[in-house]
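A.B. asks: Handing you a structure now.
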Amino acid sequence: MEQQSLFGVRLPPEPLANRMRPMDLDEYVGQTHLLGPGQALRRLIEEDQIQSMIFWGPPGVGKTTLARVIARRTRAEFVNFSAVASGVKEIKEVMTQAETARLLGQRTIIFVDEIHRFNKAQQDAFLPFVEKGSVILIGATTENPSFEINSALLSRCKVFVMQPLSPQEIVELLERALTSPKGLGRQEIQIEKEMLDVIANFSNGDGRAALNTLEMAALNGLQEGERIAVTRQTLEQCLGKKALLYDKNGEEHYNLISALHKSMRNSDPDAAVYWLARMLEAGEDPLYIARRMVRFASEDIGLADAQALPQAVAAYQASHFIGMPECTTALTQAAVYLSMAPKSNALYLAYGQAREDAAKMLAEPVPLQIRNAPTQLMDQLGYGKGYQYAHDAEEKIAAMDCLPASIQGKQYYQPAGQGREAAYKERLEAIRSWRRQHGQKA
């Protein structure tokens, strides 16, 4: 769709992502936890009762779009601020105008995109006006507001966390763009549904990136009369990599994560790195892989190497902070570390057995000696009677039963003796021997 300037010069068309911006909530895709029927944020927008708030989420999930929807619906004056081009002087000028408008009964909403780019002085300039209600502040940020926004300003704003779009939601965006006159609907573009799925998977929840990829693929498609055909080869060129067959919700998804998990369990770092690369290059969410590694660290390694869990958690945090493709090395580090670590499933087995017992005896009373007695009545009923403070004992162990009477002596944790767990096994055997010698079931 071509546009002309005031002087009759043809301007390049707006990017597809801009042309397809929703104009109202009914067109908005994603964030159903905030904007679904009956949700609090949707009601605030529909009733024009907007309060100061921060939209926090990754790129391309609709933060700026939602602010524009609010701008169209509100009866307040809506001012768009640039966090890059606006200094303290410009902020104070707008705030003064807003205060005058407030005295005349007019509300002012200030929208600041990338609010984390404001320095402390700029943020402080907003504070007194937000505090007394001269303006309603709406900020959008890709960074954690707890670290990037003045705590006094943040305390006066409600933070709404926006999630990456699901593949299904992105496919919905792409299909709408193909049929809408605002998008590519005036052209006859032939593209298979499978290729829309590929674009959705590669976009990693970023709707803008997905629409940009679709537009590039359409522009480079094969012209066949009035029709433009987007081939798999064209799409691969636009993506800059081979469009691997991968369905995040299908069998291949579970096959690949199983292959990664079992390769690490089998102490095979080469296979683990290969399956990791297969998933990442096919568009898998790196945070999903990192979450599985966190689980693996306790399920398959546990106390055999107590550093495995911090390594996995650090990989998750690094992936969250820097995203793809930079996080690939952090995940590779974790995959290799977890593969090479000594293995033990003792914690996994211990919880499984304890869970079975707990499910069968949910009403089993807590022994009186380890109950708390915060009130006089509880003290009179014997709560805490017989409690022994372990730190007072020379061995730092008290001859006191902590399990319910019906399962006293039950042993859930059985160290496997691998890696550091060998020392824990020796220590636990000594503790259990001491308890037996002092008349306890152990």
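A.B. asks: Cα centroids of the range 129-161 and the range 289-311: how far apart, whole angstrom?
C.D. replies: Here the answer is 36 Å between Cα centres.
A.B. asks: Most fluctuating residue of 333, 223, 317 in a GNM of the chain with Cα springs under 10 Å: which is it?
C.D. replies: 223
A.B. asks: So, one more: Net charge within 14 Å of residue 46 by Cβ-Cβ distance, Lys/Arg positive one each and Asp/Glu negative one each, not counting residue 46 itself? Kindly include the intermediate steps, with their values, before the conclusion.
C.D. replies: On the way: positive: 42, 43, 72, 73, 75; negative: 24, 26, 47, 48.
My count for the surroundings of residue 46 gives +1.
A.B. asks: Quick one: how many Å² of residue 132 are accessible to a 1.4 Å probe, rounded to 10?
C.D. replies: Result for residue 132: roughly 110 Å² accessible.
A.B. asks: Share of antiparallel DSSP beta bridges in the chain, in percent to the nearest 5?
C.D. replies: Of the beta bridges lying entirely in the chain, close to 20 percent run antiparallel.
A.B. asks: Right, next: Could you provide, to the nearest whole Å², the per residue accessible area of the chain with probe 1.4 Å?
C.D. replies: Values: 24300 Å² over 442 residues.
I get 55 Å² per residue for the chain.
A.B. asks: Provide, in order from the shortest bin, the percent of all Cα-Cα pairs of the range 335-442 in each 5 Å bin, continuing until the bin that contains the maximum pair distance.
C.D. replies: Going out from 0 Å in 5 Å bins, the range 335-442 shows 2, 10, 13, 18, 18, 16, 10, 6, 4, 2, 1, 0 percent.
A.B. asks: Convert each backbone phi in the range 266-281 into a coupling constant with the Karplus relation 6.51 cos²θ - 1.76 cosθ + 1.60 (shift: θ = phi - 60°), then list the ³J(HN,Hα) values in order as whole Hz, x for Gly and Pro.
C.D. replies: Along the range 266-281, the couplings run 8, 6, 10, x, 5, 5, 4, 5, 4, 5, 4, 5, 4, 6, 5, 6 Hz.
A.B. asks: Right, something else. With a cap of 15 neighbouring Cβ atoms within 10 Å, and only residues DSSP puts in a loop, list the GluC sites (Glu not before Pro) found in the range 389-442.
C.D. replies: Details: sites: 394, 395, 421, 426, 429; in loops: 394, 395.
Passing sites in the range 389-442 are 394, 395.
A.B. asks: Using θ = phi - 60° and the Karplus curve 6.51 cos²θ - 1.76 cosθ + 1.60, what whole-Hz ³J(HN,Hα) does each residue of the range 316-326 get, with Gly and Pro shown as x?
C.D. replies: Values per residue, Gly and Pro as x: 4, 5, 5, 5, 5, 6, 10, x, 7, x, 5 Hz.
A.B. asks: Please report, in debye to the nearest 20, how large the charge dipole of the range 395-442 is about its Cα centre when each Lys and Arg carries +1 at its beta carbon and each Asp and Glu carries -1 there. Each step should come with its number before you reach the end.
C.D. replies: Numbers: 9 positive and 5 negative charges, 8 e Å.
With Lys and Arg at +1 and Asp and Glu at -1, about 40 debye.
A.B. asks: Using Cα-only point scatterers and the Debye equation, what is log10 of I(q)/I(0) for the range 215-361 at each q in 0.09, 0.16, 0.18 Å⁻¹, rounded to two decimals?
C.D. replies: Calculated log10 I(q)/I(0) at the listed q: -0.39, -0.87, -1.01.
A.B. asks: Can you list the residues, at least 5 places off or on another chain, whose amide H is less than 5 Å from the amide H of residue 79, using H built in the peptide plane?
C.D. replies: Under 5 Å from the amide H of residue 79: 109, 110, 111.
A.B. asks: Report ³J(HN,Hα) in whole Hz for each residue of the range 429-436, in order, from the Karplus equation J = 6.51 cos²θ - 1.76 cosθ + 1.60 where θ = phi - 60°; Gly and Pro get x.
C.D. replies: Here the 3J(HN,Hα) series is 5, 5, 5, 5, 5, 4, 5, 4 Hz.
A.B. asks: Once log10 I(q)/I(0) by the Debye sum over Cα atoms at q = 0.06, 0.10 Å⁻¹ is worked out from the coordinates, which option in (1) -0.44, -0.96; (2) -0.24, -0.70; (3) -0.39, -0.78 does it equal?
C.D. replies: (1)
A.B. asks: Under a 10 Å cutoff between Cα atoms, tell me which one of 302, 105, 323 has the largest fluctuation in the Gaussian network model of the chain.
C.D. replies: It is 105.
A.B. asks: At 1.4 Å probe size, put 263, 433 in order of accessible surface, largest to smallest. Can you show the working numbers first?
C.D. replies: Values: 263 15, 433 40 Å².
Final ranking, largest accessible area leading: 433, 263.
A.B. asks: Taking square-rooted eigenvalues a ≥ b ≥ c of the alpha carbon gyration tensor, is the range 257-321 rounded, prolate or oblate, where a/c under 1.5 means rounded and, failing that, a/b exceeding b/c means prolate? Walk me through the numbers before you get to the answer.
C.D. replies: On the way: a/c = 2.21, a/b = 1.19, b/c = 1.87.
Oblate is the answer for the range 257-321, as a/c is 1.5 or above yet b/c matches or exceeds a/b.
A.B. asks: In a GNM of the chain with a 10 Å cut-off on Cα contacts, which of 103, 331, 25 has the highest mean-square fluctuation?
C.D. replies: 103
A.B. asks: Which GluC sites (Glu not before Pro) does the range 175-246 hold that lie in a coil by DSSP with at most 16 other beta carbons within 10 Å?
C.D. replies: When the GluC sites (Glu not before Pro) of the range 175-246 are filtered for loop state and at most 16 Cβ neighbours within 10 Å, 192, 226 remain.
A.B. asks: Right, something else. What order do 413, 254 take when sorted by accessible area (1.4 Å probe), most exposed first? Kindly include the intermediate steps, with their values, before the conclusion.
C.D. replies: Working: 413 50, 254 135 Å².
The ranking, largest first, comes out as 254, 413.
A.B. asks: Exactly which chymotrypsin sites (Phe, Trp or Tyr not before Pro) in the range 313-401 are in a DSSP loop and have at most 11 other Cβ atoms within 10 Å? Spell out each step's value before the answer.
C.D. replies: Values: sites: 316, 321, 337, 348, 351, 383, 387, 389; in loops: 383, 387, 389.
For chymotrypsin sites (Phe, Trp or Tyr not before Pro) across the range 313-401 that sit outside H, G, I, E and B with at most 11 neighbouring Cβ atoms in 10 Å, the list reads 389.
A.B. asks: Let me ask something else about it. I want the local charge near residue 297. Using Cβ-Cβ distances under 13 Å, sum +1 for each Lys or Arg and -1 for each Asp or Glu among the other residues.
C.D. replies: Numbers: positive: 265, 291, 292, 295, 343; negative: 299, 300, 305.
Once all neighbours under 13 Å are counted, the net charge is +2.
A.B. asks: Then there's this: Under a Cβ-only charge scheme (Lys and Arg +1, Asp and Glu -1), can you give me the dipole magnitude of the chain about the Cα centre, in debye to the nearest 20? Write down the numbers at each step before the final one.
C.D. replies: Numbers: 49 positive and 53 negative charges, 198 e Å.
It comes to approximately 960 debye.
A.B. asks: Still on this model: Residue 188's amide H: which non-local residues (gap 5+, or another chain) put their own amide H closer than 5 Å, with H modeled 1.01 Å from N in plane and none for Pro or chain starts?
C.D. replies: Long-range HN contacts for residue 188: 228.
The values are calculated or read from the model by the stated rules, or taken from the named source; none is laboratory data. Computed from a predicted model, the values in this text were never measured in an experiment. Here Cβ is always computed from backbone atoms with ideal geometry, including for glycine, and neighbour counts include all displayed protein chains. Accessible surface areas use protein heavy atoms only, side chains included; no ligands, DNA or RNA. Shrake-Rupley method; radii C 1.70, N 1.55, O 1.52, S 1.80 Å.
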